[in-house]
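Have a look at the structure below before the remarks.
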Amino acid sequence: MGKLARGVAVIGAGMSKFGAFSDKTTRELFAEAFIEAFNSVDNGIETMEIEALFLGNFSNDIFEGQVHTGPLMADVVGITPGPAMRIEDACASSGVALRLGVLAVASGAHDVVCVGGVEKMTNLETSRVTDVLASAADAMYEFPAGATFPGLYAEIANAHMKKYGTKVEQLRMVGIKNHENGALNPKAQFQSSIRDIMRARIEKAKARGLPVPNWKDEMEFLSDPAANPIVAWPLRLFDCSPITDGASAVILAAEEVARKFTDTPIYVVGTGQGSDSLALHDRDEFTSLRAARIAAKEAYRMAGLEPKDIQIAEVHDCFTIAEIVATEDLGFFKPGEGGKAVEEGLTKRDGDKPINTSGGLKAKGHPVGASGAAQVVEIWHQLRGEAGARQVPSVEVGLTHNVGGSGASCVVHIFRR
Amino acid sequence: MSASEFTVSRFREFLSKRKIMAAKCKKCGTVNLPPRPMCKKCHGTELEWVELNGKGKLVTFSVVYVPPTSLVAEGYGREKPYAFGVVDLGQGAKITARLTGFDVERPESIRLGINVEAEFLERDGKMILAFKPA
């Protein structure tokens, strides 16, 4: 296990608005993210200074019928003729793209590169999106059995509940928290708390003269099958990240040139990645992701830091149970105690360990191939003190945790101001 | 190293004859289910087919209300959910399969760890592995 041969810093970061955009293709989405990243470089940068593009994308083959998205996006944003490539590791695609960009700069092969991701998912109906997402699981053995992505994380949830007594209410609290954060993020797909969504439903019922639901709080709302239908037991609609269009872009520079671009670079001090079987049935345990533990261990070792040193983290909450498992795998809480930590408010913005201040995948949205690099956008803003209404005071060390599939890939990065 | 016969298509051929076949490692004895060309434990390539008796325990499961297109075609959906899960067939052999005979209307009644036995479902000329409460 190694270390970076030279320091690498984030010098710019940006993302498109996340949501459902029938009038946009991947080209416009990525351009939107890139232009924001480009303009965020404090002292300015020229496109010709960006030497390569590492682009995360999961399944544009099916979503848009367009592959070869690396050079396509490089052309759109004017950074050809340097190397440009698409990286696919399911939902970890742009987290892995980030790692490859970091390694390319650290190796000395490049001084400045762009890493990012893009996904355009809303062209297809939900059952087809379900098919595409399920192809990140074992297509020979899990898919024919009827596994869907919510179904796989539901299997993890049921195993976690059985082993540790984790409660569905604790899962719902993850969603409530992440929606509260997303309400403060102008880029989020859902800029509303679950309480706001509940109130809007009540007002709508009143306006239409329909029976007015009498939910007393958001937990009652989330327990109502009419408001929060089951997707894959025990996961309900508000346990699942949405289907999203969006893009993200991050500009990396070698430490020795970073200060030319900004007085406030954010250093990448740790990177780690792990792998595991695609199929859950090929693993010994379902309540923890080994790939995540491996990735975290390596990132902590490289950074010379421990879980207690991390002040803020963006973790892969594709489903609410995934956030609970993530906070255990990262060592923030002991195995089985992630649910309790949410219940105690430890992961809120004002808690000991703020998690997913961006709204997470749950509320910000989950354009699969763009999510890993979008996590970096939030950490970049937070560590620079530029996160606006959702700013956590005086944070200097942040972490991103990006998972592919049901845990066959995981990549963890640690950043320091 | 010779080309392996421990393929997905052979597994499916056996399944069509209502047999669950695994690749047992001649070196370390690991029962590799689903079969694979290299032993998942010792990475050896000397394997032999063994038939499993189809009796196992339910490790975990879900009941799916939002199916992929292939199960929409079978008539499943919000009004007609289906269950699937992971079954442990002993000796470390686990597989994902459809679950039948469970009360999917009351998923909270489905208990992990219960005994299950194999069933073989024919769908569009293909055999799908399923398990029902034993």
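Coordinate-derived values only; no laboratory data. Since the model is a prediction, treat every value here as computed from it, not as a measurement. With ideal geometry, Cβ positions are generated from the backbone for all residues, glycine too; neighbour counts draw on all protein chains shown.
Tabulated results
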item	result
Amide hydrogen neighbours beyond the local backbone of B:ASN32, cut-off 5 Å, H modeled	B:ALA23, B:LYS24, B:CYS25
Net charge of neighbours whose Cβ lies under 11 Å from the Cβ of A:ALA374, counting Lys and Arg as +1 and Asp and Glu as -1	-1
Any cysteine of the protein assembly as shown lacking a neighbouring Cys Cβ under 4.7 Å - listed by number	A:CYS91, A:CYS114, A:CYS240, A:CYS318, A:CYS410
Whole-number D in µm² s⁻¹ for the range B:22-77, Kirkwood Cα-pair radius fed into Stokes-Einstein, 4 °C, 1.567 mPa s	93
Using alpha-carbon coordinates, inclination of helix A:194-207 to the longest axis of chain A, degrees	50
On Cα atoms only, tilt of A:371-383 relative to the major axis of chain A in degrees	80
For the range B:47-90, alpha-carbon Rg relative to the globular expectation (2.2 N^0.38 Å, N residues)	1.57
Share of pairwise Cα separations in the range B:8-52, more than 12 Å, in percent	51
Using a Förster distance of 41 Å, the FRET efficiency for A:VAL67-A:LYS206 (Cβ separation, nearest 0.05)	0.25
Value of [θ]222 nm, deg cm²/dmol, for the protein assembly as shown, DSSP H segments ≥ 4, -39500 (n - 2.57) each, nearest 500	-9000 deg cm²/dmol
Using alpha-carbon coordinates, inclination of helix A:26-39 to the longest axis of chain A, degrees	60
Over chain A, relative contact order from alpha-carbon pairs under 8 Å, at least 6 apart, %	26
Semi-axes of the equivalent ellipsoid for the range A:263-311, Cα gyration tensor, largest first, Å	28, 11, 8
Stokes-Einstein D for the protein assembly as shown, Kirkwood Rh over Cα pairs, 10 °C, 1.306 mPa s (µm²/s)	66
Neighbour net charge for B:ARG123 - beta-carbon separation under 12 angstrom, K R +1, D E -1	-1
Inter-label distance, nm, simple model (7 Å from Cα along the C-beta direction), A:SER275/A:MET140	1.6
Residue-by-residue Karplus 3J(HN,Hα) for the range A:390-404, coefficients 6.51, -1.76, 1.60, Hz, glycine and proline x	9, 4, 8, x, 6, 9, 10, 10, x, 9, 10, 9, 10, 10, x
Viscosity 0.692 mPa s, temperature 37 °C, Stokes-Einstein D of the range A:182-244 from Kirkwood C-alpha radius, µm²/s	256
Extension gain from A:ALA389 to A:GLU256, taking 0.36 nm per residue of separation minus the Cα-Cα distance	44.6 nm
Residues with amide H under 5 Å from that of B:THR7, placed H, sequence gap 5 or more	none
P(r) of chain B over all Cα-Cα pairs, binned every 5 Å from zero, in whole percent	2, 11, 18, 19, 18, 15, 9, 5, 2, 1, 0
Inter-site label distance for A:SER192 and A:ARG301 at 7 Å from Cα along Cβ, in nm	4.8
Whole-number Å³ per residue for the convex hull built on Cα positions in the range A:151-218	134
For the range B:55-133, average projected area of the Cα convex hull in nm²	5.1
Summed side-chain charge close to A:SER22 - residues other than A:SER22 whose Cβ falls under 11 Å, Lys, Arg +1, Asp, Glu -1	0
